[in-house]
Amino acid sequence: MELKDFPEDLQPYLIPTPSGEMVYRCLECGAEYGIDQLLYTCPRCQGLFLLEDKAADRLRQHPGSFWQRLFNYRKMLNVPAVKGIFLYHELIAPVIPPEDIIFLGEGHTPQVAANSRLQDEVGMAFGYKNDGQNPSASFKDRGMAAALSYLNYLIRTRNLEGVLAICASTGDTSAAAALYAAYLGNKLASAVLLPHGKVTPQQLSQPLGSGARVFEIPGVFDDCMRVVEALSERYHVALLNSKNSWRIRGQESYAYEIAQWYDFHLPNKVIVVPIGNAGNITAVLEGLLRFHDLGIIDTLPRVLGVQSHHADPVFRYYQEQNPTQRIFVPVTVKASVAQAAMIGRPVSMPRVIRRVEEYLRRAGEGSFAVVQVTEQEIMDSMLLANRNGHIACTQGGESLAGLRAARREGLVRRDEEAVLDATAHALKFSSFQQMYFDNSFPPEFEVVPKPEYQNHPQLLTPQANLASASPSSPAEQQAFTQDLVAQLAAILGLKSKG
Ligand SMILES: *Cc1c(COP(=O)(O)O)cnc(C)c1O
Ligand SMILES: [Zn+2]
């Protein structure tokens, strides 16, 4: 729709103009730093940052209903800069001019309700939000769109040259980083660090295909993270892990979209998110709080985090009921099918702790919880979901397993409605599905396939080996076809048309 056709009062606001005064705010000592430098931790105390807009009060000059209308109408605007996560430009990164925004098709992923059979099985209404339908097939694109748009802006305005973007990854961060960096062409080079043998072949193919320098090291993600952290302390690199607070801002869009899907009414809603490095759960909480601050939503939904029993430091932290007794202890991870969340020392833990405090204060007891599920439950739930028309990855399976655990434990009621994060596309994790089908899980996974979820291709062999007769005569082709038709009809028990 053309600008002139929009309501007049909204016209001046539809195409965002740079505004705001963003700074890095240290969560530990409160120090603030300008965003004209690449910073990831506080130089004074090593604390983690969140981005703060010091001029955020200007946003309060409009009522919540204004923002609702603006975001609804903006959807009809055919301007690439606001087609993705920057539909919410004022809340995500208002300092970035639209001309620097990179849009590769991220965000506005579909929310797909579970069919009645699946809802009955789980005992409540729910659906998936398919973040696997982002360009690199995971939610990480949301954060990368923000981080790389900011870098693009910085490179242009400060005439930077030879910037190297680097990240450690369980697979999806590197796929997203490499994709967005590739789009920036020779403005930016990218390198990714992966735990050898701990990302799927599909995930490995992504940064390779995008032309990133790909390095593998022995160990797990936590080891990779330590290396890039040390590297970024000593050398000039742009760190693209979720320590980078621009990524958290971008990922807030996930919560905004859910709110908008429900026309900004979120009573009785439950948002279920698998937790790995805890960046995503931070972003979901931050996003909901920000919408709430501005009166865009008046009810905060329940938020449920999910962790596997093989990588559950956040679950363990919240197991202690007395907040003053809680101490964070990293865990040594074990093999997990939710490999993208197989993290024992979540970088964003200090952010989570603070945001959860604020969330509970505003939304009340029980508005946030972390549940723990087994590897078995993750695989079974993923297959159950996908056999009912979803495209959940193993982490998406973890979301469903978490919802079922929460139902069992009475943490959610039957009359609530859950939105499960399918954080990546099923295809990225098909190797775990294959292990399930072949019953070839190494014992440390502790997964025993259920026959009703297993599936295999069945090779049909024509009686005479007609298939290899090529080029075949019309008579041979007909015999080949007839033979296979007869075999299929017998196997499938088809009734003849007579
Ligand atoms: C990164 C990732 C997670 C974990 O998200 P965090 O922000 O690290 O907690 C879960 N699922 C998938 C598919 C991921 O790529
Ligand atoms: Zn500090």
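What follows is calculated from the coordinates using simple rules that are stated; it is not laboratory data. A quick note: this is a predicted structure, and the numbers were derived from the prediction, not measured. Cβ: placed from backbone, ideal geometry, glycine included. Neighbour counts: every protein chain shown.
Using the charge dipole of the chain (Lys, Arg: +1 at Cβ; Asp, Glu: -1 at Cβ; taken about the Cα centre), state which of L459, V199, A177 has its Cα farthest towards the positive end.
It is A177, whose Cα lies furthest towards the positive end.
Post the alpha-carbon centroid distance, region 385-409 to region 419-498, in whole angstrom.
25
With +1 on the Cβ of every Lys and Arg and -1 on the Cβ of every Asp and Glu, and nothing else charged, how large is the dipole of the chain about its Cα centre, in debye rounded to the nearest 20?
For this selection, approximately 160 debye.
On average, how much area does the Cα convex hull of the chain cover when viewed from any direction, in nm²?
29.2
When you count, for each residue, the other Cβ atoms within 10 Å and take the mean per peptide, how do 4-11, 479-486 rank with the highest first? Intermediate results must be reported in sequence, preceding the final value.
Working: 4-11: 10.9, 479-486: 14.4.
My ranking of the peptides, most packed first, is 479-486, 4-11.
Just order 361-367, 72-78 by mean Cβ neighbour count inside 10 Å, highest at the front, would you? Could you put the intermediate results ahead of the total?
Values: 361-367: 12.4, 72-78: 14.1.
So the peptides 361-367, 72-78, ranked by packing, come out 72-78, 361-367.
Let me check I've understood the local charge: for H310, count other residues with C-beta under 9 angstrom from its C-beta, Lys and Arg +1, Asp and Glu -1. What total comes out?
Once positives and negatives cancel, what remains is -3.
Let me have the relative contact order for the chain, percent, based on Cα pairs under 8 Å that are six or more residues apart.
Once divided by the residue count of the chain, the mean separation gives 14 percent.
If neighbour count is taken as other Cβ atoms inside 10 Å, put V419, V306 in order from fewest to most.
V419, V306
Given contacts defined as C-alpha pairs under 8 Å and at least six residues apart, what's the relative contact order of region 220-351, whole-number percent?
Relative contact order here is 26 percent.
Using a 10 Å cut-off around each Cβ, can you sort T173, T374, T41, T17 from fewest to most neighbouring Cβ atoms?
T17, T374, T41, T173
For region 283-307 and region 92-116, compute the distance between their C-alpha centroids and round to whole Å.
17
For the pair T299 and Q321, what calculated FRET efficiency results from E = 1/(1 + (r/R0)^6), where r is the Cβ-Cβ distance and R0 = 25 Å, to the nearest 0.05? All intermediate terms of the calculation are to be shown ahead of the outcome.
Numbers: r = 25 Å, r/R0 = 1.01.
FRET efficiency, Q321 to T299: 0.50.
Below 8 Å between Cα atoms, with a sequence gap of 6+, how large is the relative contact order for region 73-147 in percent?
Dividing the mean separation by the residue count of region 73-147 yields 29 percent.
Once both labels are modelled 7 Å past Cα along the beta-carbon direction, what's the Q478-D57 spacing in nm?
8.8
Taking R0 as 25 Å, what's the FRET efficiency between Q46 and R213 from their Cβ-Cβ distance, rounded to 0.05? Mind showing how you got there, number by number?
Values: r = 28 Å, r/R0 = 1.10.
The value I calculate is 0.35.
Would you please name the trypsin sites (Lys or Arg not before Pro) within region 127-199 that are DSSP coil residues with at most 12 other C-beta atoms within 10 Å of their C-beta?
On the way: sites: K129, K140, R142, R156, R158, K187, K198; in loops: R158, K198.
Passing sites in region 127-199 are R158.
Hey, fewest Cβ within 10 Å first, where do E32, E90, E161 land in order?
Numbers: E32 13, E90 21, E161 8.
Fewest-to-most ranking of E32, E90, E161: E161, E32, E90.
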